[in-house]
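The values are calculated or read from the model by the stated rules, or taken from the named source; none is laboratory data. These figures come from a predicted structure and were not determined experimentally. Cβ placement follows ideal geometry from the backbone for every residue including glycine, while neighbour counts extend to all protein chains displayed. Note: areas computed on protein heavy atoms with side chains; ligands, DNA, RNA excluded. Shrake-Rupley method; radii C 1.70, N 1.55, O 1.52, S 1.80 Å.
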Amino acid sequence: MRYISTRGQAPALNFEDVLLAGLASDGGLYVPENLPRFTQEEIASWAGLPYHELAFNVMRPFVAGSIADADFKAILKDTYGVFAHNAVAPLRQLDANEWVMELFHGPTLAFKDFALQLLGRLLDHFLTKRGERAVILGATSGDTGSAAIEGCRRCESVDIFILHPHNRVSEVQRRQMTTILGDNIHNIAIEGNFDDCQEMVKASFADQGFLKGNRLVAVNSINWARIMAQIVYYFHAALQLGGPQRSMAFSVPTGNFGDIFAGYLARNMGLPISQLVVATNRNDILHRFMSGNRYDKDTLHPSLSPSMDIMVSSNFERLLFDLHGRNGALVKELMDNFKQTGKLTVEDERWTEARRLFDSLAVDDAATCATIADVYRDCGELLDPHTAIGVRAARECRRSMATPMITLGTAHPVKFPEAVRKAQVEEPHLPPHLADLFERAERCSVLPNSLTDIQQFVAAHGNRGKPL
Ligand SMILES: *Cc1c(COP(=O)(O)O)cnc(C)c1O
């Protein structure tokens, strides 16, 4: 499988190189040159497989030529073996023909574990094969950091540095990062805000001199391998509920458009999906596009669903690429223009094409809490605020009551107790494997908001705690 850039100018790469590259050199995002397509019979034959075997069938074409089948199988078995529920992604029924797929049984209680547990293991596989090491540098306002650290904790060939804004992430989120101890794990609390953290990461990718020739890898949501891993659970859900013989609708709590883009790919690979609902909070740039063809940058509104607090949606470019007939030059023009003006619209027929599949809704904090309360009262399921937004949008945008509607349950409610408290329902509890989280020892370095201090820290600790 070869991968091409959405801006049409970077060289095509194989899976291994895409995994290590992150962003393409022309500023675009990598996508498969040709999407694999499965027949209905083929998909139907996967019913009843354990999750890791289904994952192998769905992802195999994407990694073809880069990793041996036996190695990939072993990695997948190990990856999904760490999930705390045997079904890995169990479905819970909320109402007639309405479900939540619980994607929060991984080590850090959010769906990001599905991709980052795999990403860490794949990186280690390829780096070990090459006899190389790599430094991962990332910024987090919450979920991504802990999932990335958990995914890399056992990697021999990787040192991971995660920056978070000092005293500005929740205690659960901080502890999920800082209680993972290892000489290749480095938590840095920056005396600044999340944007400061992100700027320093960007600056470090732009000028890598401080790394003395070591490789720098990105694990943010534009990494292709993360999207790839998320395709699998759409197949998994459909196979549980009578697919592929009948079609499904999905509602997806959305920020950077990675998770829902995976659903779009599942459909293009042959899985019958008749509707995808983009569920956002007040940060509704995607809803403004889907409802009125206006992808216009706004200011940031902090919400009770912080993992979807975004101003622009980084994976949306991948959809634009398809909507424009995979013409990289057109996408480059649109994105260059967006960078200058903060505005983007597409031609009517392209927008209409998107709307054949996608609907959207923006849900504010009050409606989020009301939905948590409603669902708890009606069926006893305690939703986290992101998932509640998904359920609300699913209900308001639903096209057909005869088609099963599945909302992606993106996080465990214990990660976001503020919203749950405001909804005035039961207090969420940590699951058994994290029950002692508040007693565990923490390790974290507090550093000033200064690029040179960060880079010196990485250089001094980037080789399993020793200097590079
Ligand atoms: C990351 C995240 C999202 C948004 O996912 P995208 O792929 O960025 O759209 C939604 N909910 C939770 C809990 C998350 O952690």
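Tell me which GluC sites (Glu not before Pro) from the stretch 302-364 have a DSSP coil assignment and no more than 12 other beta carbons within 10 Å of their own. List each step's numbers first, then the result.
On the way: sites: Glu317, Glu333, Glu347, Glu349, Glu353; in loops: Glu347.
Passing both the DSSP loop test and the Cβ count: Glu347.
For the stretch 32-169, the square roots a ≥ b ≥ c of the C-alpha gyration tensor eigenvalues yield an a/c of 1.5 or more together with a/b not exceeding b/c, which makes the shape oblate.
An ellipsoid equivalent to the stretch 179-275, defined through the eigenvalues of its Cα gyration tensor, has semi-axes of 38, 14, 14 Å when rounded to whole angstrom and sorted largest first. Taking a ≥ b ≥ c as the square roots of the eigenvalues of the alpha-carbon gyration tensor, the stretch 354-468 is classed prolate because a/c is 1.5 or more and a/b outweighs b/c. With R₀ fixed at 35 Å, the C-beta to C-beta distance from Ala70 to Ala366 puts the FRET efficiency at about 0.10.
Which of rounded, prolate or oblate describes the chain when judged by the alpha-carbon gyration tensor and an a/c cut-off of 1.5? Rounded, because the longest to shortest axis ratio a/c is under 1.5.
Scalar couplings 3J(HN,Hα) for the stretch 302-313, obtained by applying the Karplus form with A = 6.51, B = -1.76, C = 1.60 to θ = phi - 60°, are x, 9, 7, 10, x, 6, 10, 7, 9, 9, 10, 10 Hz; x denotes Gly and Pro.
Expressed as a whole percent, the accessible surface of the chain that belongs to carbon and sulfur atoms is 47, based on a 1.4 Å probe. Computed from label points 7 Å out along Cα-Cβ, the spacing between Ser274 and Glu333 is 3.8 nm. Each principal axis of the Cα cloud of the stretch 238-382 was taken in turn, and the coordinate range along them, longest first, works out to 50, 41, 21 Å. Note on Lys77 and Thr452: their simple-model spin labels are 5.3 nm apart, each label 7 Å out from Cα toward Cβ.
Find the accessible area per residue for the chain; the probe is 1.4 Å, ligands and nucleic acids are left out, and the unit is Å².
Accessible area per residue: 39 Å².
Of Ser400, Ser305, which has the most accessible area with a 1.4 Å probe, and how do the rest follow in descending order?
Values: Ser400 40, Ser305 0 Å².
The ordering from most to least exposed comes out as Ser400, Ser305.
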